[in-house]
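No value in this document is a laboratory result; all are computed from the given coordinates. Bear in mind the structure is a predicted one, so any value in this text is a computation, not a measurement. Cβ placement follows ideal geometry from the backbone for every residue including glycine, while neighbour counts extend to all protein chains displayed.
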């Protein structure tokens, strides 16, 4: 028996509002996570959903042994709530994983990403995937222009927002945190003289990146201990911010290995 079949059901309307409205997510302290893989990563990281919804006609893999409210919905209802193409029939309502700077547990020689004012969900999601793949200690989302817990970021990150400690904070607070721990700040900028592969990146390091249009603000540029560039041999003078982040992070990881 299907629990919800009406598109006008109040729960459906509430979930759609939660999907589309940042203020509603903040008010409810909840976020949507869609997809078997993304939900499985959240569960494996120790996060429990408040509600788990499924469309039996759409699901191909089962999520089992979850103690929470379970609701089944019709395909039409699921498609109304969904935010992705070709949904696989799983949608979870999770509490937002609020993490503070004081909650972070860093490695002996930490590697951190500082993402300043990133405005595109796809870029932040890709940065999180790099952070997960490279074993980064934390991502500090400073002065954000995009909601790190929006469905689009969750989708773009493939669920890695649950596997990497993410802290939303102001730049001034992040700077104090890094300086107190003697973590050097690296700024990526086309105006730098040194190439990123020619710097020693083995010590505790925070890689600071900004927007594609404006780059890092004067605040972070002025506080940088290192300034590096990525060689550009073509007609343009910058890369997508997530690509630039990945190159520098993996160079730091290569040096450390």
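Remarks
- Order by protection proxy (mean Cβ within 10 Å, highest first), peptides 136-142, 175-181: 136-142, 175-181
- Put in line by how crowded their Cβ is, counting other Cβ atoms within 10 Å and starting with the fewest, 221, 232 read 232, 221.
- Top of 65, 132, 21 by mean-square fluctuation, Gaussian network on the chain, Cα under 10 Å: 65
- The chain: relative contact order in percent, alpha carbon pairs under 8 Å with at least 6 residues between: 18 percent
- Relative to the longest principal axis of the Cα atoms of the chain, the long axis of helix 121-134 makes an angle of roughly 70 degrees.
- Highest mobility in the GNM of the chain, judged by mean-square fluctuation with C-alpha springs under 10 Å and restricted to 198, 25, 184, is found for 198.
- Rounded to the nearest 10 degrees, the inclination of helix 241-256 to the longest alpha-carbon principal axis of the chain is 60 degrees.
- Highest-first arrangement of 158-170, 78-90, where packing means the average Cβ count within 10 Å: 158-170, 78-90
- Residues in segment 131-158 reached by a label modelled at residue 184 [backbone nitrogen below 16 Å; 7 Å Cα→Cβ]: none
- Residues residue 47 and residue 5, FRET efficiency given R0 of 25 Å [Cβ-Cβ distance, rounded to 0.05]: 0.30
- Spacing of the modelled spin labels on residue 250 and residue 119, each 7 Å from Cα toward Cβ, amounts to 2.8 nm.
- With contributions of -39500 (n - 2.57) from each DSSP H run of at least four residues, the per-residue ellipticity at 222 nm computed over the chain stands at -10000 deg cm²/dmol.
- Segment 133-220, relative contact order [Cα under 8 Å, separation at least 6], %: 25 percent
- Value of relative contact order over segment 179-257, rounded to a whole percent, pairs C-alpha under 8 Å and six or more apart: 42 percent
- Among 118-128, 143-153, the order from most to least packed when residues are scored by Cβ within 10 Å on average: 118-128, 143-153
- Acute angle (nearest 10 degrees) that the helix 171-180 long axis makes with the longest principal axis of the chain, alpha-carbon atoms: 60 degrees
- Only one item in (1) 18.2, 62; (2) 27.5, 87; (3) 20.0, 66 matches Rg and Dmax of the Cα atoms in Å derived from the coordinates shown, and that item is (3).
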